[in-house]
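Please read the structure below before turning to the comments.
The values are calculated or read from the model by the stated rules, or taken from the named source; none is laboratory data. Since the structure is predicted, the reported quantities are computational estimates derived from the model, not experimental observations. Virtual Cβ from ideal backbone geometry, glycine too; neighbours counted across all protein chains shown.
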Amino acid sequence: MTSSYSGAAHYDCTSWTLAPNSTAASGGALWGTATNDVWAAGSWYGIAHWNGSAWSSFSINADEETMDVWTSATNDAWATTYDGALYHWNGTAWSAASIDNTFGVWGARANDVWAVGGILAHWDGASWTAW
């Protein structure tokens, strides 16, 4: 399938529906914890969040393009950017993490998060350890 559409789509096990006003979610990485808590990374808009009814975009470091995203809860999300920076969402705002040179992020739970790129780093819920 090819299309010039840039945005998000939803599949209900029968068909695809284009999400209205979702250009903020035109990225390549998605992660969610519930139908009303989905993050989309990979957008020049920064990063986008779906609250169950609408997309909102958030700036990360002057609208830097995000590359990857992982979240454990509505107040705990991690995102990487194309320049290798890692950011954390605390439910209110994004802030830079204490490590960089990361391009991917994934976790099993809030105190077991891994970031990869030029380094391998682990978040234990309190601090990052990098190798």
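If only residues of segment 65-98 that are among the acidic types (Asp, Glu) and crowded, with 17+ Cβ neighbours inside 10 Å are counted, the one that is modelled with the highest pLDDT is 76.
One residue stands out among those in segment 120-131 that are in a strand (DSSP E or B) and of a type in the set (A, V, I, L, M): the one that is farthest from residue 70 (Cα to Cα), which is 130.
Taking the criterion of being surrounded by 14 or more Cβ atoms within 10 Å (Cβ to Cβ) and over 13 Å from residue 68 (Cβ atoms), the residues of segment 99-109 that qualify are 99, 100, 101. Looking at residue 38, is it of a type in the set (Val, Ile, Thr), free of Cβ contacts under 8 Å to residues at least 40 places away in the same chain and part of a strand (DSSP E or B)? Here the answer is yes, as residue 38 does meet what is asked. If only residues of segment 3-26 that are in contact with a strand residue (DSSP E or B) (Cβ under 7 Å, 6 or more places away or on another chain) and at pLDDT below 60 are counted, the one that is farthest from residue 70 (Cα to Cα) is 5. Can you name the residue in segment 34-48 that is more than 25 Å from residue 121 (Cα to Cα) and at pLDDT 90 or above and is also surrounded by the most Cβ atoms within 10 Å (Cβ to Cβ) among such residues? Looking at the filtered set, the residue picked out is 37.
Filtered by the rule that a residue be within 11 Å of the chain's Cα centre (by Cα) and of a type in the set (Phe, Trp, Tyr), segment 51-93 gives 58, 70, 78, 87, 89.
Restricting attention to strands (runs of 3 or more DSSP E) lying wholly within segment 56-119, give those where 2 or more residues are in contact (Cβ under 8 Å) with a residue 24 or more places away in the chain and farther than 23 Å from residue 36 by Cα.
Details: elements: 66-73, 76-81, 85-89, 94-100, 102-109, 112-117.
Correct list: 85-89, 94-100, 102-109, 112-117.
Only one of 123, 128 is over 15 Å from the mean Cα position of the chain (by Cα), modelled with pLDDT of 95 or more, surrounded by 13 or more Cβ atoms within 10 Å (Cβ to Cβ) and farther than 22 Å from residue 40 by Cα; which? Spell out the reasoning first.
Values: 123 fails: farther than 22 Å from residue 40 by Cα.
Exactly one of 123, 128 is over 15 Å from the mean Cα position of the chain (by Cα), modelled with pLDDT of 95 or more, surrounded by 13 or more Cβ atoms within 10 Å (Cβ to Cβ) and farther than 22 Å from residue 40 by Cα, namely 128.
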